[in-house]
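Input: a single structure, listed below in structure tokens.
The values are calculated or read from the model by the stated rules, or taken from the named source; none is laboratory data. Computed from a predicted model, the values in this text were never measured in an experiment. No Cβ is skipped: glycine too gets one built from the backbone with ideal geometry, and neighbour counts run over all protein chains shown. For accessibility, only protein heavy atoms count, side chains too; no ligands or nucleic acids. Shrake-Rupley method; radii C 1.70, N 1.55, O 1.52, S 1.80 Å.
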Amino acid sequence: MSNASERLDIYENMLERSRAMLESARHQEWDALIQQRARYVADVETLRRAPQGEQLNEQDRQYCARMIEEILEHDRVIREQLDARCEELTQLIGNSRRQQALVRAYNQGQGTLSQRTRPSRGTEGHT
């Protein structure tokens, strides 16, 4: 197999992985997305190490450019999905912290309130 053909195969693998990552993001399957991302990064590393000797012909360059454009578009949409998920998690964390603060305040207030509502010593039985 030629160097050019090997590089095209790697780009095709990266495109398939980016499609799988996009589907995982759309279905909010974050663990699957992470697994696909690890494989994608391995493909990028393979591409980086691939020999660059043989140049792609014009048709293959155009094909490669279309794959890269699609990969970049997938990446954009995946990032949007991840940003939305990050915002959702930030809100959940904020809500959880507010709930914890309310519980602490309530519990502290109960102790103070119960001390205030007890009759003071020496006034018991006096009206």
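For the stretch 63-114, what is the Kirkwood estimate of the hydrodynamic radius, computed as the reciprocal of the mean inverse distance between distinct Cα atoms, to one decimal in Å?
Details: mean 1/r = 0.0691 Å⁻¹.
Hydrodynamic radius (Kirkwood, Cα pairs) of the stretch 63-114 is 14.5 Å.
Distance from the Cα centroid of the stretch 39-70 to that of the stretch 72-97 is 30 Å (rounded to whole angstrom). Provide the net charge surrounding residue 65, with neighbours chosen by a C-beta distance below 14 Å and charges set as Lys +1, Arg +1, Asp -1, Glu -1. Neighbour charge sum, excluding residue 65 itself: -3. Computed from the Cβ-Cβ distance with R0 of 25 Å, the FRET efficiency linking residue 52 to residue 85 stands at 0.10. Highest mobility in the GNM of the chain, judged by mean-square fluctuation with C-alpha springs under 10 Å and restricted to 40, 11, 106, is found for 106.
For the stretch 65-80, 3J(HN,Hα) computed residue by residue from phi via the Karplus equation (6.51, -1.76, 1.60; θ = phi - 60°) reads 4, 5, 5, 5, 4, 5, 4, 5, 5, 4, 4, 4, 5, 4, 4, 4 Hz, glycine and proline entered as x. Compute a Gaussian network model of the chain, connecting alpha carbons closer than 10 Å, and tell me which residue from 61, 19, 49 fluctuates the most. It is 49. Its DSSP H runs of at least 4 residues, each contributing -39,500 (n - 2.57), put the calculated 222 nm mean residue ellipticity of the chain at -30000 deg cm²/dmol, to the nearest 500. Going by alpha carbons, how many degrees (0 to 90, nearest 10) lie between the helix axis of 3-26 and the longest principal axis of the chain? Relative to the chain, helix 3-26 is tipped by roughly 30 degrees. Here the Gaussian network model covers the chain, with springs between Cα atoms less than 10 Å apart; of 23, 54, 69, 54 fluctuates the most. Residues in the chain average 76 Å² of solvent-accessible surface per residue, probe 1.4 Å, ligands and nucleic acids excluded. As a calculated quantity, the FRET efficiency between residue 23 and residue 96 at R0 = 30 Å, using C-beta atoms, amounts to about 0.50.
Shown in residue order for the stretch 46-56 are the 3J(HN,Hα) couplings computed by the Karplus curve 6.51 cos²θ - 1.76 cosθ + 1.60 at θ = phi - 60°: 4, 4, 4, 8, 5, x, 9, x, 7, 7, 6 Hz (x for Gly and Pro).
Please say if the chain is rounded, prolate or oblate, where rounded means a/c under 1.5 for a ≥ b ≥ c the square roots of the C-alpha gyration tensor eigenvalues, and otherwise the choice is prolate for a/b larger than b/c and oblate otherwise? Intermediate values should be presented prior to the final figure.
Values: a/c = 7.09, a/b = 5.27, b/c = 1.35.
The shape class here is prolate.
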